[in-house]
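Undergrad: Provided herewith is a single structure, encoded as structure tokens, for subsequent inquiry.
The values are calculated or read from the model by the stated rules, or taken from the named source; none is laboratory data. Model, not experiment: these values are computed from the prediction. Cβ: placed from backbone, ideal geometry, glycine included. Neighbour counts: every protein chain shown. Side chains included, ligands, DNA and RNA excluded: accessible areas come from the protein's heavy atoms. Shrake-Rupley method; radii C 1.70, N 1.55, O 1.52, S 1.80 Å.
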Amino acid sequence: QYNDITAVRAAILGNQFGHHNGGSWASLVHLHSDKYALATYSTDGPYGVRITTFTISPDGQTITELDFMQHDVNNSGYNSLVKVDSDTVALAYRSLSSGTIKTFDIDSDGDITPADSLKHTTGSAGFFNSLVQVDSDTYALAYDKSNTIRISTFTIDSDGDITAVRADSEENSVNHASGGKDGGFNSLVQVDSDTYALAYTGLWDDGFIT
């Protein structure tokens, strides 16, 4: 027995909401009430990453764009967006040759303002990000660096200020597995207050959960 799924606004109905060109590496979070934030790769203007805010009506029929900010033009991607609090989001992504975390303030009108930025790793790194909140100000990030799977941790306060705790930039990130040439594709989830599970692609494209 399966529950029916009904398309409201979708490509199959011809009424999907297209807000810019591109759209790869999309990561969507609910802020509060009817407001949402979306991180995507964009091909509008210089290629890069943008943050867009929307309202979505309770019935799903009405989608309204509020604001957008193209915050990086370095052909970036691999977005993982999380909510910090009701007016702050954190984004892990790859920017050119570095893994980066940025925070943004989003006010009640959906207007976006950059808060802080931290490059936590460089080189062939920062791919396949999966960022999760650990507690009120601690975050864990899984990502790929030179075909190894890394875990790093950071603190992010209520103002959006970012501090590396265990990270490549601190020379103490955790390298827990080797991937193949296409290793990564991380998905990190919280199990309980101090346990996390990570699904990823490892050596020879085998699938693992750690």
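Undergrad: Counting only other residues whose beta carbon sits under 15 Å from that of His20, what net charge do I get with K and R as +1, D and E as -1?
TA: It works out to a net charge of -3.
Undergrad: Based on alpha-carbon positions alone, could you give the equivalent ellipsoid semi-axes of segment 13-126 from the gyration tensor, as √(5λ), descending, whole Å?
TA: Whole-Å semi-axes of the equivalent ellipsoid: 24, 17, 11.
Undergrad: By accessible area of protein heavy atoms, probe 1.4 Å, what ranking do Asp67, Asp192 get, highest first?
TA: Ranked list, largest accessible area first: Asp192, Asp67.
Undergrad: Sticking with this structure for a sec: Would you calculate the separation in nanometres between label points at Asp159 and Leu96, each defined as 7 Å from the Cα along the Cα-to-beta-carbon direction?
TA: Computed distance between label sites Asp159 and Leu96 equals 2.8 nm.
Undergrad: Probe radius 1.4 Å, ligands and nucleic acids left out: which of Glu170, Glu65 has the largest accessible area, and how do the rest follow?
TA: Glu170, Glu65
Undergrad: Rounded to the nearest 0.05, what FRET efficiency is calculated for Thr148 and Arg9 with R0 set to 41 Å and r the Cβ-Cβ distance?
TA: It comes to 0.50.
Undergrad: For Leu31, enumerate residues with amide H under 5 Å from its amide H, sequence gap 5+ or separate chain, H modeled in the peptide plane.
TA: The list, which skips near neighbours in sequence, is Tyr36, Ala37.
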